[in-house]
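For reference, the structure is listed below as structure tokens.
The values are calculated or read from the model by the stated rules, or taken from the named source; none is laboratory data. A quick note: this is a predicted structure, and the numbers were derived from the prediction, not measured. Neighbour counts run over all protein chains shown; Cβ positions are idealised from the backbone, glycine included.
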Amino acid sequence: MAVDVARMIVALFEWYALAGVVFAALFLPRAVARMDPGVAAAPRTLRLLLLPGVATLWPMLAWRSLTGAHAPVERNPHRSKAGSR
């Protein structure tokens, strides 16, 4: 019984990873530049470096892509204090 549960968990992980790689292959050529304009001017090899992260975080990136979200604005104490002047 424990082996069946372990096989099911591994199978789910494999499907998640496959979905992530497929999403990354579709996302990285064009959609990433729409989400973060700084990537458009970056070398093409940067997209290869982004591949593992996109494949891992594909549900969040898919949601952000579907909702039309742009690059988030960094919020930290330094930026808050600089903006208050």
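Some observations on this one:
- Residues that are over 11 Å from the mean Cα position of the chain (by Cα) and either touching a residue at least 12 places away in the same chain (Cβ under 8 Å) or exposed (fewer than 12 other Cβ atoms within 10 Å of the Cβ) (or both) do occur in the stretch 48-55.
- Criterion (touching a residue at least 12 places away in the same chain (Cβ under 8 Å) and of a type in the set (Val, Ile, Thr)) met by exactly one of Val10, Val32, Val22: Val32
- Scope the stretch 56-77; condition loosely packed, with under 10 Cβ neighbours inside 10 Å and either in contact (Cβ under 8 Å) with a residue 12 or more places away in the chain or assigned to a loop (DSSP other than H, G, I, E, B) (or both); matching residues: Gly68, Pro72, Val73, Glu74, Arg75, Asn76
- The lone exception for Ala17 - which of (1) loosely packed, with under 14 Cβ neighbours inside 10 Å; (2) at pLDDT below 95; (3) of a type outside the set (Asp, Glu) it fails: (2)
- Whichever residue in the stretch 28-45 is surrounded by 11 or more Cβ atoms within 10 Å (Cβ to Cβ) and β-branched (Val, Ile, Thr) and, among such residues, is farthest from Trp63 (Cα to Cα): Val39
- Ser80 being assigned to a helix (DSSP H, G or I), of a type in the set (S, T, N, Q) and in contact with a helix residue (DSSP H, G or I) (Cβ under 6 Å, 6 or more places away or on another chain): no
Listed here are the residues, each with its yes/no results for (1) among the β-branched types (Val, Ile, Thr); (2) within 23 Å of Val73 (Cβ to Cβ).
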| position | (1), (2) |
| --- | --- |
| Gly20 | no, no |
| Leu26 | no, no |
| Ala31 | no, yes |
| Ala40 | no, yes |
| Arg44 | no, no |
| Val54 | yes, yes |
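- Of the residues contained in the stretch 36-44, one or more are found to be among the charged types (D, E, K, R) and in contact (Cβ under 8 Å) with a residue 24 or more places away in the chain.
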